[in-house]
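Heads up: the structure comes next, in structure tokens.
The values are calculated or read from the model by the stated rules, or taken from the named source; none is laboratory data. Keep in mind that this is a model prediction, so the values were computed, not measured. Note: ideal-geometry Cβ built from the backbone for every residue, glycine included; neighbour counts use all protein chains shown. Please note that ligands, DNA and RNA were not included when accessible areas were found on the heavy atoms of the full protein model with its side chains. Shrake-Rupley method; radii C 1.70, N 1.55, O 1.52, S 1.80 Å.
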Amino acid sequence: MILLATCSFCNRDAVYVRRYSGERLCVGCFIRSIEKKVRRTVSRFTMFRPDEHIAVALSGGKDSVSLLHVLGTIEDAFPHASVSAILIDEGVAGYRREAIEVAEESCTQLGIPLHIYSFSDLYGRSLDEIADASKGRGGLSVCSYCGVLRRKALNVAAKDLHASKLALAHNLDDEAQSMMLSLLRGDLVGLARVRPVLEKAEGFVQRVKPFCEILETEIAFYAQVTGVRFQHRPCPYKETSMRSDVRRFITLLEDKHPGMTYGLYHSLRKIQANLEGLDAKEGLQLCQICGEPSSGTICRACQSLHDLGLTTAPST
Ligand code: SF4
Ligand code: ZN
Ligand code: ZN
């Protein structure tokens, strides 16, 4: 760790320079600043009630493991709240083992129950099998299938655990990228839906994003200085997508012009204010195959599996 003169808040050695503000922080002040910022976000958007059962979507990556640890520290403010962790095992040979070990270690350390749900149990197929079935079809990428099935799996799991909130570890970079992507695609509904607290809707456990105002690099540094262990091995299906290009673009700008990601995020949030109501999940019905909420008669997860010939035909 490189020492950078004295901390702006105490006399200890600084180890981190917050380029967008010019602050130099020692380890203790840096950790406190992140936890304070998350507390502020949680309170500003009223993410949790005092008696909430919060399910944390834990992937084993640095963001979700750090979120679990930070939520552990804000427990004092919510003494009657409880926290559980949900890990979705997509079924990718050789990939999830490390994440499960990391998740088990953090949950044991924090005294948080860990619940593992697998694609194989929920859908009768692993992601490897889904990837095989999708080969040569020229349709969606493996990540697109995975995203749809993962979202549904998290909702099913959170309802199964009777959770009242589902906490996602999406950080500031993720949120800026998602809004930018929607903007580039001309998808205003998509843009309206990227929010710190997602719209309440029947059949969905409400999703909240306590890290939505923290830069990814700061979460990575938080994980490093707190010694949080996380998964390093990348998913073999990770692809070069339009999101990767947007990520590179925003990272490049942030590098050259510190604070730009905040600027972009807040500008897009202001644009969102004029899209009030577009994110409402109206006209939801229950999927005729699985009974989960859906905008059509068949949900996207069931439709995807059906299109790949992995389920029986929809009974419409
Ligand atoms: Fe799923 Fe793609 Fe993430 Fe792998 S990289 S876990 S396939 S979304
Ligand atoms: Zn300090
Ligand atoms: Zn369905």
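Figures for the structure shown
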item: Dimensions (Å) - region 73-127, Cα atoms, principal axes, largest first; result: 41, 21, 12
item: Inter-label distance for SER295 and SER244, nm, one decimal - labels placed 7 Å from Cα along Cα-to-Cβ; result: 2.7
item: Distance violations [Cα-Cα > 28 Å] among LYS200/LYS270; LYS135/LYS209; LYS36/LYS152; result: LYS135/LYS209; LYS36/LYS152
item: Helix 260-273 vs. the chain, principal-axis angle (Cα, 0 to 90°, nearest 10); result: 50
item: The chain: angle of helix 96-110 to the longest principal axis, Cα-based, in degrees nearest 10; result: 50
item: Dimensionless Rg over Rh [region 21-102; C-alpha; Kirkwood]; result: 1.05
item: In Hz, Karplus ³J(HN,Hα) per residue of region 170-180 (6.51, -1.76, 1.60; θ = phi - 60°; x = Gly, Pro); result: 4, 9, 4, 4, 4, 5, 5, 4, 4, 5, 4
item: Heavy atoms of LEU110: accessible area, 1.4 Å probe, square angstrom to 10; result: 60
item: Dimensionless Rg over Rh [region 161-316; C-alpha; Kirkwood]; result: 1.01
item: GNM flexibility winner over the chain from ALA93, ALA158, ALA55 (Cα, springs under 10 Å); result: ALA93
item: For the chain, size of Cβ-based charge dipole, Lys and Arg +1, Asp and Glu -1, in debye; result: 720
item: Simple Cβ-charge dipole of region 71-201, Lys/Arg +1 and Asp/Glu -1, about Cα centre, in debye nearest 20; result: 660
item: More than 35 angstrom apart: percent of Cα pairs within the chain; result: 21
item: Leading residue at positive end of dipole, region 230-309 (Cβ point charges), from SER244, THR297, GLN272; result: SER244
item: Nearest-0.05 FRET efficiency for ALA133 and ARG40, computed from C-beta distance (R0 41 Å); result: 0.35
item: Crossing angle, helix 242-256 versus the chain [Cα axis fit, 0-90 degrees, rounded to tens]; result: 10
item: Using θ = phi - 60° and Karplus 6.51 cos²θ - 1.76 cosθ + 1.60, couplings along region 187-196 (whole Hz; Gly, Pro as x); result: 9, 6, 5, x, 5, 5, 8, 7, 10, x
item: Region 222-283: mean projected area of Cα convex hull, nm²; result: 7.9
item: Extension gain (nm, one decimal) between HIS80 and LYS200, 0.36 nm per residue minus Cα-Cα; result: 41.0 nm
item: Estimated FRET transfer efficiency when R0 is 30 angstrom, pair LYS159-HIS266 (beta carbons, to 0.05); result: 0.35
item: Phi to ³J(HN,Hα) by Karplus 6.51 cos²θ - 1.76 cosθ + 1.60 over region 121-132, Hz, x for Gly, Pro; result: 5, 7, 10, x, 9, 8, 5, 4, 5, 5, 4, 4
item: The chain, relative contact order in percent, only Cα pairs under 8 angstrom and at least six apart counted; result: 19
item: DSSP-defined antiparallel bridges as percent of all bridges, the chain, nearest 5; result: 30
item: For region 1-64, projected area of the alpha-carbon convex hull averaged over all directions, nm²; result: 6.2
item: Equivalent ellipsoid, region 57-202 (semi-axes from 5 times Cα gyration tensor eigenvalues, Å); result: 26, 22, 14
item: Amide H within-cut-off set for HIS115, under 5 Å, with H built and near neighbours excluded; result: ALA85, ILE86, LEU87
item: Only Lys, Arg (+1) and Asp, Glu (-1) charged, at Cβ; region 51-139 dipole about Cα centre in debye; result: 400
item: Within region 240-268, backbone nitrogen closer than 18 Å to the virtual label 7 Å beyond the Cα of GLN224 toward Cβ; result: 251-252, 254-256, 258-259
item: Two-decimal Rg to Rh for region 160-218 - Kirkwood Rh, Cα set; result: 1.03
